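Notes follow once the structure below has been shown.
The values are calculated or read from the model by the stated rules, or taken from the named source; none is laboratory data. Note that this is a predicted model, so its numbers are computed, not measured. No Cβ is skipped: glycine too gets one built from the backbone with ideal geometry, and neighbour counts run over all protein chains shown. Protein only, heavy atoms only, side chains kept; ligands, DNA and RNA dropped before computing areas. Shrake-Rupley method; radii C 1.70, N 1.55, O 1.52, S 1.80 Å.
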Amino acid sequence: MRDPHPASPTFFPEDILARKPVLNQSGSPEFVFRVFTNVPEFQALLFTLFLLLYLMILCGNTAIIWVVCTHSSLHTPMYFFLGSLSLLEICYTTDVVPLMLSNIFGAQKPISLASCGTQMFFFVTLGSTDCFLLAVMAYDRYVAICHPLHYSLIMTRNLCIQMVLGSLGLALFLSLQLTALIFTLPFCGHHREINHFLCDVPPVLRLACADIHVHQAVLYVVGILVLTVPFLLICISYVFIASTILHMRSAEGRQRAFSTCSSHLTVVLLQYGCCSLVYLRPRSSTSEDEDRQIALVYTFVTPLLNPLIYTLRNKDVKGALRNFIVNKAV
């Protein structure tokens, strides 16, 4: 006969441990970043390279901020915007690089949904502010070259502060809307591997297991507002600047005006060119690996070149740095 009261099944610790991953899979989703390489020698090389680049970015941009703040001859709107840009570059790279360095060695380290959303929010905010600020700097050059007699009346200290805060406020608003919209989506898979080294918008969108046409349209609109509109304003400014420079009688004046604008134009082309390739290309023509390679340019190359370009091509900054080095040597 069968026992009418069968014994209750016995669970061992091994059974409980074996069941835990099943319970965790239904919890809060986590992401992991795709590794650059699994070869230990290459991992060490990449870590050293990225760390050196990061330290150079910190030192170069900090030097720009220090020179602008401590030398009264540089207390002008142009250098106020340059110092603000350097501060942005420091914050921008700090949002990305430390986490990227921690994921180069060893096994893939998970990042929570909240942490991923936080990184994306600050990344989009700082990157957008960077683009808006470059447009503000173009307007400053337009006023300085096309309306030099009214420059001090137009570009007041209050207006400069309002322009920087306005750029940051608009970027915060757009970033908050975009990040909140993306992280209302459900995400598929157990590992949820992001084919990137940061929680950027396009690779995270690819992991969603829902219709993302609306989200892609919103991303495209934000890309136009952050990239296309400021770039058009910069182009319009430089059309007037070029016209004014060509009508200058003094060759020295033309050379000086061209020198102050060429540094800004170089940074603009690098920043807007790389970002447009990632955010404004049709999704059908994009590659995840290409996006990651381009992202390395505006994460490392542009913030590193900013202080180099403005220092090497700007006599005022070079003179202030030279005086500091001479005074320290004496």
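The table below lists the values:
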| read-out | value |
| --- | --- |
| Residue in region 168-188 that is under 20 Å from THR93 (Cα atoms), of a type in the set (Val, Ile, Thr) and crowded, with 18+ Cβ neighbours inside 10 Å present | yes |
| Qualifying positions in region 39-64 - surrounded by fewer than 16 Cβ atoms within 10 Å (Cβ to Cβ), in contact with a Leu (Cβ under 8 Å, 6 or more places away or on another chain) and closer than 17 Å to LEU99 by Cβ | LEU51 |
| Top-ranked residue of region 312-330 - restricted to ones that are open to solvent by 30 Å² or more (accessible area, probe 1.4 Å), closer than 18 Å to CYS59 by Cβ and not aliphatic (A, V, I, L, M), ranked as modelled with the lowest pLDDT | LYS328 |
| Whichever residue in region 246-264 is small (Gly, Ala, Ser) and either part of a helix (DSSP H, G or I) or touching a Gly at 6+ places or on another chain (Cβ under 8 Å) (or both) and, among such residues, is modelled with the highest pLDDT | SER262 |
| Residue in region 203-211 that is modelled with pLDDT under 95, over 19 Å from PRO110 (Cα atoms), open to solvent by 60 Å² or more (accessible area, probe 1.4 Å) and in a helix (DSSP H, G or I) present | no |
| Members of region 82-120 that are among the charged types (D, E, K, R) and open to solvent by less than 10 Å² (accessible area, probe 1.4 Å) | GLU89 |
| Test result for PHE132, more than 30 Å from ARG254 (Cα to Cα), of a type in the set (A, V, I, L, M, F, W, C) and in contact (Cβ under 8 Å) with a residue 60 or more places away in the chain | no |
| Selection within region 219-249 - open to solvent by less than 80 Å² (accessible area, probe 1.4 Å), over 15 Å from ALA171 (Cα atoms) and not aliphatic (A, V, I, L, M) | PHE231, CYS235, SER237, TYR238, SER243, THR244 |
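Matching residues to (1) modelled with pLDDT under 85; (2) closer than 30 Å to ALA320 by Cα; (3) part of a loop (DSSP other than H, G, I, E, B); (4) touching a helix residue (DSSP H, G or I) at 6+ places or on another chain (Cβ under 8 Å):
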| residue | (1), (2), (3), (4) |
| --- | --- |
| PRO9 | yes, no, yes, no |
| ILE16 | yes, no, no, no |
| ASN24 | yes, no, no, no |
| LEU53 | no, yes, no, yes |
| MET56 | no, yes, no, yes |
| GLY83 | no, yes, no, yes |
| GLU89 | no, yes, no, yes |
| LEU99 | no, no, no, yes |
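Residue-by-condition table, conditions (1) in contact with a strand residue (DSSP E or B) (Cβ under 9 Å, 6 or more places away or on another chain); (2) under 22 Å from CYS275 (Cα atoms); (3) among the hydrophobic types (A, V, I, L, M, F, W, C):
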| site | (1), (2), (3) |
| --- | --- |
| TRP66 | no, no, yes |
| THR70 | no, no, no |
| LEU88 | no, yes, yes |
| LYS109 | yes, no, no |
